[in-house]
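S.K.: Encoded as structure tokens, here's the structure I'll be asking about.
Any read-out appearing in this document is the output of simple, stated calculations on the displayed coordinates, not a laboratory observation. These figures come from a predicted structure and were not determined experimentally. A quick note on method: Cβ atoms are made from the backbone with ideal geometry, for glycine too, and the neighbour counts reach across all protein chains shown.
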Amino acid sequence: MSTIYIDFADLGDYEDFYAQLKVKMELPEYFGENLDALYDVITGDVQLPLHLEFVNMSVDQLETFEDLLTTLEDAEVALEDFTFAYYLEQYEDEDDERSTE
């Protein structure tokens with residue numbers, strides 16, 4: 001199974017997302033850069049099995065990219081050999097940094 005990681009720490013909007021995705025998934029130049037085109041590519045053009053993993057998403061990005069996550073959930077239901085996951089960015093808790101006396 002091939003795994004592709006997209007680091008959301010470097011993304012601000014859909015344009016940034018599609019630019020990174022085109023490189024990592026080696027999508028053709030004519031790729032439409034919209035959710036319908038993404039669904040079509042995943043369900044028909046990419047080599048499966050494939051796992052797509054989003055890392056370092058912020059809470060704000062969850063809202064911004066909500067439609068993207070829904071589209072990928074739909075693709076995951078439609079295909080046996082496609083999975084995806086997303087992970088929120090981690091913050092260190094200040095309490096963990098204090099030493100016990």
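S.K.: For the chain, what's the relative contact order in percent, using C-alpha pairs closer than 8 Å and at least 6 residues apart?
M.R.: 34
S.K.: Okay, moving on. What FRET efficiency do you get for residue 74 and residue 23 if R0 is 30 Å and r is their Cβ-Cβ distance, rounded to the nearest 0.05?
M.R.: Efficiency for this residue pair is about 0.80.
S.K.: To continue, here is another question. Subtract the Cα-Cα distance of residue 30 and residue 4 from 0.36 nm times their separation in residues, and report this length gain in nm to one decimal.
M.R.: 7.3 nm
S.K.: Under 5 Å between amide hydrogens, which residues at least 5 positions from residue 89 or on another chain qualify, with H placed 1.01 Å from N in the peptide plane?
M.R.: Here 56, 57, 58 satisfy the definition.
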